[in-house]
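Every read-out reported here was derived from the displayed coordinates using simple, explicitly stated rules and does not represent laboratory data. None of the values given here were measured: they were computed from a predicted structure. Note that we place each Cβ from the backbone using ideal geometry, even for glycine, and neighbour counts take in every protein chain shown.
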Amino acid sequence: MRTSQYLLATQKETPADAEVISHQLMLRAGLIRKLASGLYTWLPTGLRVLNKVANIVREEMNKAGAIEVLMPVVQPADLWQETGRWEEYGPELLRIKDRHSRDFVLGPTHEEVITSMVRNEISSYKQLPINLYQIQTKFRDEVRPRFGIMRGREFTMKDAYSFHLTQESLQDTYDAMYSAYCKIFERMQLDFRPVMADTGSIGGSVSHEFHVLAESGEDNIAFSNGSDYAANVELAQTQQVDNANVDGLQYVLAQAADEDGEADANNWVLLVLAAGHTLNDIKAEKLSGVAAPLITANDETVSAVLGATGNDIDLADVKVPVFADYVVAAALKNEAYAEKITAADLRNIEAGDPSPCGNGTIEIKRGIEVGHIFQLGDKYSEAMGCGVLNENGKHEILSMGCYGIGVSRVVAAAIEQNHDEHGIIWPDPIAPFKVALIPMNMHKSQRIMEAAEALYAELTAAGVEVLFDDRKERPGVMFKDMELVGIPHSIVIGERNLDEQLVEYKNRRSGEKSLLQLTEVTAFIGGL
RNA sequence: CGGUGAGUGGCGCAGCUUGGUAGCGCACUUGUUUUGGGUACAAGGGGUCGCAGGUUCAAAUCCUGUCUCACCGACCA
């Protein structure tokens, strides 16, 4: 590619509304442009990277036995009504009507569509297991899009769905996906970790997230320094310790749930934590008797409720089981709370805590979630009647797994992990170009132009992706642009070395420079 | 949705308090200059100041409404 026939679109100045480094660099290096909040155009350079990432994902999915399909972005509402998510999913689900006033959604995920397809296409146990995936645009009407492409409303996702008759089969595919994900992020040369995770609203039991480690990550990951234990802080269990070490208590009032699990506006549960600890909302709302989603009382309610117990709560009097670090006490209206104490894991794990696995202590690092795999069970297949005839001719509901990678988010995460003060430093496998060809004052020197043109033709013929900067620009401009864009290797052709038929090679990441014979350049670059 | 802040050429900003129909840097065009790290000089093109309404002889500037955007919280690949 010649820069003169390309859209480089680099900028000197950082747009004011970009906060994180990956967003700033994606704008400055000409990878993306914002169209509206959370909606971005991929410029040529950005699209090249996005396609590189997608292709690595595709290759590894294929190798792992998954089969590619492509489903519509627009999905009929009745599928979502079948699974109940039309009501459950909330405002992130963008609902639209067609000209006949029929309801549709812009797909935020594709469990409904794939399950609908499989129940029509798969009818025998002989066809199982099967794992189908697509790489496609998703739309989620995020409350607050932020950090550029990192949390956009429209984004590219690889989503795979597997179908099984037995838990063993599901586990096999889940393990294969786990390995494939590791391979994918290894190939992209990213520093990542698989971590145990909460299943959230998608449902199911077993789940792992894949995080790219970066300071700007939105998730906190708990690592053990004595084992390979890693879990999202949302999920990481804390060990109960002797209450004697607790230095004071703090409390939170949470709305209670009735027998049916519905929020009960008149009843509250008192959650008590050791001083200095922080409440983990996800753990709290999983407790029976506590309303989910968690509703905590404001100051007014606190005084009203605690006043109604007949006496002021004196936390020093709460008799905490000796093995518990913190407790749940029912502060039901007019009841003695002291008799309703239960111990539970309620708090966020913290650095320095003993690891739940029993080995080592916990360290907390920040991560960007780029992948998530789940064992879904029969949540969707049951609701939609997706099953096959088994060996005995009986209809049996399938169990499912689902496996996602945020393809566009990977691009941003890679930049968070690979940049310096000059710009992006792409890992070779996802770089938009492998090598930048930078001629010095080519428009004034016939021999430079001939050498550059010859080298460009040679590299291109060898299948090397080369960006030939043939603009009539000063050297400094070209160096700055190529560094900003982050092309991992560059070749500089100048009068200085041409007499000896030498050119200069420079490595973007290490900064190392060396001189190469003009004739050996293509072999050298090809071997990198 | 709650809190904070911002909307002035493609980008970054000034002007607004003390109304008089717009300015700087980058980028862009042309010429000269320079020639291994964003060269210098000169001449140009491009905005009616988010939108709507109001006050006024006169509004980017004052008033009202509205839209958009970013950041902090609750959700997610």
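See the values below:
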{"quantity": "Rg ratio (alpha-carbon, reference 2.2 N^0.38 Å) - the range A:401-470", "calculated": "1.55"}
{"quantity": "³J(HN,Hα) computed for each position of the range A:77-85 - Karplus, 6.51 cos²θ - 1.76 cosθ + 1.60, integer Hz, glycine/proline x", "calculated": "4, 5, 5, 6, 6, 4, 8, x, 7"}
{"quantity": "Neighbourhood net charge (14 Å Cβ-Cβ; Lys/Arg +1, Asp/Glu -1) for residue A:145", "calculated": "+1"}
{"quantity": "Mean projected area in nm² (Cα convex hull; one quarter of hull surface) for chain A", "calculated": "31.5"}
{"quantity": "Using a Förster distance of 45 Å, the FRET efficiency for residue A:101-residue A:265 (Cβ separation, nearest 0.05)", "calculated": "0.80"}
{"quantity": "Nonlocal amide H pairs with residue A:256, under 5 Å, H built at 1.01 Å", "calculated": "A:264, A:267, A:268, A:269, A:291"}
{"quantity": "For residue A:470, residues with placed amide H under 5 Å, excluding near neighbours", "calculated": "A:3, A:4"}
{"quantity": "Highest-first arrangement of A:166-174, A:220-228, A:511-519, A:370-378, where packing means the average Cβ count within 10 Å", "calculated": "A:370-378, A:220-228, A:166-174, A:511-519"}
{"quantity": "Label point distance in nm, residue A:514-residue A:36, each placed 7 Å from Cα along Cα→Cβ", "calculated": "5.2"}
{"quantity": "Proportion of all alpha-carbon pairs of the range A:43-101 beyond 13 Å (%)", "calculated": "75"}
{"quantity": "Per-residue HN-Hα couplings for the range A:522-528 [Karplus 6.51, -1.76, 1.60; θ = phi - 60°; Hz; x = Gly/Pro]", "calculated": "4, 5, 5, 5, x, x, 6"}
{"quantity": "Cut-off under 5 Å, modelled amide H: who pairs with residue A:486 long-range", "calculated": "A:424"}
{"quantity": "Debye log10 I(q)/I(0) at q = 0.22 Å⁻¹ for the range A:22-153, Cα point scatterers", "calculated": "-1.28"}
{"quantity": "Cβ-Cβ FRET estimate between residue A:444 and residue A:19, R0 fixed at 35 Å, reported to 0.05", "calculated": "0.25"}
{"quantity": "Shape call, the range A:90-213: gyration tensor on alpha carbons, a/c limit 1.5", "calculated": "oblate"}
{"quantity": "Phi to ³J(HN,Hα) by Karplus 6.51 cos²θ - 1.76 cosθ + 1.60 over the range A:383-399, Hz, x for Gly, Pro", "calculated": "4, 10, x, 9, x, 9, 7, 8, 4, 9, x, 9, 6, 9, 6, 8, 9"}
{"quantity": "Value of [θ]222 nm, deg cm²/dmol, for chain A, DSSP H segments ≥ 4, -39500 (n - 2.57) each, nearest 500", "calculated": "-8000 deg cm²/dmol"}
{"quantity": "At R0 = 25 Å, FRET efficiency that the Cβ-Cβ distance of residue A:4 and residue A:461 yields, to 0.05", "calculated": "0.80"}
{"quantity": "In nm, spacing of pseudo-spin labels at residue A:383 and residue A:62 (7 Å Cα→C-beta vector)", "calculated": "3.4"}
{"quantity": "Debye log10 I(q)/I(0) for the range A:386-528, one point scatterer per Cα, at q = 0.17, 0.20 Å⁻¹", "calculated": "-0.94, -1.20"}
{"quantity": "Principal-axis tilt of helix A:111-121 within chain A, Cα atoms, nearest 10 degrees", "calculated": "80"}
{"quantity": "0 to 90° range, to nearest 10: angle between helix A:446-461 axis and chain A longest Cα axis", "calculated": "50"}
{"quantity": "C-alpha long axis of helix A:475-485 to longest principal axis of chain A, angle in °", "calculated": "30"}
{"quantity": "Packing-based ranking, highest mean first, of A:493-503, A:81-91 given that Cβ atoms within 10 Å are counted", "calculated": "A:493-503, A:81-91"}
{"quantity": "Dipole-positive endmost among A:393, A:406, A:162 within chain A (Cβ charges, Cα centre)", "calculated": "A:406"}
{"quantity": "q = 0.23 Å⁻¹, the range A:437-481: log10 I(q)/I(0) [Debye, one scatterer per Cα]", "calculated": "-0.78"}
{"quantity": "Packing-based ranking, highest mean first, of A:354-367, A:151-164 given that Cβ atoms within 10 Å are counted", "calculated": "A:151-164, A:354-367"}
